[in-house]
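Okay, structure first, notes after.
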Amino acid sequence: MSSANWDRVRILLLDIEGTTTPIDFVYQTLFPYASRNVESFLRRHIAEPEVAALVTALKAQNGQDHEAGLQPPDWQDSSNEMRLRSAVAYTQWLITNDSKGTPLKSLQGKIWRGGFANGELHGEVYPDIPRAFTRWRMQLREICIYSSGSALAQQQVFRTVISGDLTSHIAGFFDTQTGIKTAPQSYKKIAALRGREPEEFLFISDAAAEVEAARIAGMHSVLCDRSTPASAQRISSESIHTFDEIFPEQPRFDQEDAFNPAK
């Protein structure tokens, strides 16, 4: 891994799925939980303005999917009950098809919030994550998250891990409302929102297209390959197996660069 030009890196920008968190947790725990509970959640909350707006956005996306020939479930609006049932069926279809759409991700985050709150769900991260977060913060580097999951869902995952609440280490959460993760402009926007230059970021993800988009935007980026042991040969010179490889030992920066979550 070539880190010779990482001297200016002050912010670690991290993907979640397959990078900080096992993929199985997302697909075998979070997604099924949202699919099972979407109907009961909507029956309780669909009259609330924020949830009603999400249902309206889902209806619009459903129409777009029909026009694109994706064959989603038909949407019926003849009564409130049919509207609710349509929202449930379409949401479950989107989950099955691993949609990255913002309305779905926002709805999932709200459903998961209940599960995290009542103890049915607990966040999961790889064992190297807590010690990496602690190490980087001691180095006075910032940590930010950029995931297709909603910022609300991101916060819940890191707040409820067994080792303890990790959100105190995290300066910012970014989701698809910032932009799609394969677009270089999204990474430029994140840099601007943090008041930093792109070259001050190191983006880490298990998705090659995202790593490349960040690189085009001017960020340093590296592919995270969790599928093979750390002792195995890397898939490329710009890949890692564990966060233990990222800034394992560095001196502290000047105090003016200290963590500032409000920035």
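Restricting attention to segment 230-253, which residues are touching an Asp or Glu at 6+ places or on another chain (Cβ under 8 Å) and either at pLDDT 55 or above or not in a loop (DSSP other than H, G, I, E, B) (or both)?
Listed by number, the residues that qualify are S239, I240, H241, T242, F243, D244.
Do we find a residue being out of contact with any Pro (no Cβ under 6 Å at 6 or more places or on another chain), part of a loop (DSSP other than H, G, I, E, B), of a type in the set (A, V, I, L, M, F, W, C) and buried (at least 19 other Cβ atoms within 10 Å of the Cβ) anywhere in segment 93-109?
no
Could you list, in sequence order, the residues of segment 146-187 that are farther than 21 Å from I95 by Cβ, of a type in the set (A, V, I, L, M, F, W, C) and either in a strand (DSSP E or B) or at pLDDT 95 or above (or both)?
Scanning segment 146-187 gives F158, V161, L166, I170, A171, F173, F174, A183.
Does F31 fit the bill of being surrounded by 18 or more Cβ atoms within 10 Å (Cβ to Cβ), touching a residue at least 12 places away in the same chain (Cβ under 8 Å) and not polar (S, T, N, Q)?
So F31 does not fit the description; no.
Within segment 171-199, track down each residue that is within 13 Å of the chain's Cα centre (by Cα) and hydrophobic (A, V, I, L, M, F, W, C).
Those that are within 13 Å of the chain's Cα centre (by Cα) and hydrophobic (A, V, I, L, M, F, W, C): F173, F174, I180.
For segment 189-211, give me each residue that is in a helix (DSSP H, G or I) and surrounded by fewer than 19 Cβ atoms within 10 Å (Cβ to Cβ).
Result: K189, A192, L193, E199, A208, A209.
Please tell me if S99 is closer than 19 Å to F31 by Cα and touching a residue at least 24 places away in the same chain (Cβ under 8 Å). I'd like the intermediate steps shown before the answer.
On the way: closer than 19 Å to F31 by Cα: yes; touching a residue at least 24 places away in the same chain (Cβ under 8 Å): no.
Answer is no for this residue.
Which members of segment 47-69 meet the condition of being surrounded by 13 or more Cβ atoms within 10 Å (Cβ to Cβ), farther than 16 Å from W112 by Cα and either in contact (Cβ under 8 Å) with a residue 12 or more places away in the chain or hydrophobic (A, V, I, L, M, F, W, C) (or both)?
Within segment 47-69, A52, V55, A57, L58, K59, Q61, N62 meet the criteria.
So D7 ticks every box in (1) surrounded by 17 or more Cβ atoms within 10 Å (Cβ to Cβ); (2) modelled with pLDDT under 95; (3) not hydroxyl-bearing (S, T, Y) but one. Which box is left unticked?
(1)
Would you mind finding the one in P72, P130 that is free of Cβ contacts under 8 Å to residues at least 40 places away in the same chain and in the same structural domain as H241 (by TED's automatic domain parsing)?
So the residue among P72, P130 that is free of Cβ contacts under 8 Å to residues at least 40 places away in the same chain and in the same structural domain as H241 (by TED's automatic domain parsing) is P130.
Tell me which residues, restricted to segment 11-36, are over 30 Å from I143 (Cβ atoms) and in contact with a helix residue (DSSP H, G or I) (Cβ under 6 Å, 6 or more places away or on another chain).
Once the filter is applied, which keeps residues that are over 30 Å from I143 (Cβ atoms) and in contact with a helix residue (DSSP H, G or I) (Cβ under 6 Å, 6 or more places away or on another chain), segment 11-36 yields only S35.
The values are calculated or read from the model by the stated rules, or taken from the named source; none is laboratory data. Here the structure is a predicted model, which means the values were calculated and not measured. In this analysis, Cβ positions are derived from the backbone assuming ideal geometry, glycine residues included, and neighbour counts consider all displayed protein chains.
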